[in-house]
1. Cβ-Cβ under 6 Å, sequence separation 6+ or interchain: first residue in the range 16-32 and within 12 Å of Leu84 (Cα to Cα), partner of a type in the set (A, V, I, L, M). Which pairs?
2. What is the number of the single condition among (1) under 12 Å from the mean Cα position of the chain (by Cα); (2) at pLDDT 85 or above that Ala86 does not meet?
3. Could you tell me which of the residues Ala116, Ala92, Ala72, Ala78 is assigned to a strand (DSSP E or B) and either at pLDDT 60 or above or surrounded by 14 or more Cβ atoms within 10 Å (Cβ to Cβ) (or both)?
Amino acid sequence: MEMHADATLTLRSKTVPAEAVTRRLELEPDHSWEPGDSLARRRSPRMRRVDHGWALQFSAADAGTALSGLLARVEPGADAIGDLVAEGDIRAELVLLECDGAGDRGGVDAHVARLATALGSSLTSGGESAAGSARLCTWATTI
């Protein structure tokens, strides 16, 4: 099985709409949503989002490259992201999903540290879980 990794930075808020985040960061998200939007249209159209969300994603063959690519996309708005999180109304989450997690993590910890430094915060591990050939790693911001 070929390795594949997705790195996603998500900003969530109960009060700050995605369009306000886009204006402040001057970065277009790959995905955004508002409260009431459907979580999964095909599988369960009745499940609705409860928060505002804004997300950037980068996909690559390995975790290190995915995180590096995400960092390159985030860097232009990193100070503004750090400021938004520091203001307290927005929570940032970094999720790394690897399919076929066997093998080298590609310097994941170093890339996560670089991303945290760029955002002016630290990212604390939410843990890892594995199922079959996929591994999910999550981090959340702490100020």
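1. Matching pairs, first to second residue: Val16/Ile90; Val21/Leu11; Arg24/Ala80; Leu25/Ala80.
2. All conditions pass for Ala86, except number (1).
3. Values: Ala116 fails: assigned to a strand (DSSP E or B); Ala72 fails: assigned to a strand (DSSP E or B); Ala78 fails: assigned to a strand (DSSP E or B).
Going through Ala116, Ala92, Ala72, Ala78 in turn, the sole match is Ala92.
Residues checked against (1) more than 13 Å from Leu9 (Cα to Cα); (2) modelled with pLDDT of 90 or more:
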| position | (1), (2) |
| --- | --- |
| Ala20 | yes, yes |
| Ser38 | yes, no |
| Met47 | yes, no |
| Ser59 | no, yes |
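The values are calculated or read from the model by the stated rules, or taken from the named source; none is laboratory data. Here the structure is a predicted model, which means the values were calculated and not measured. Glycine gets a Cβ as well: all are built from the backbone with ideal geometry, and neighbour counts include every protein chain shown.
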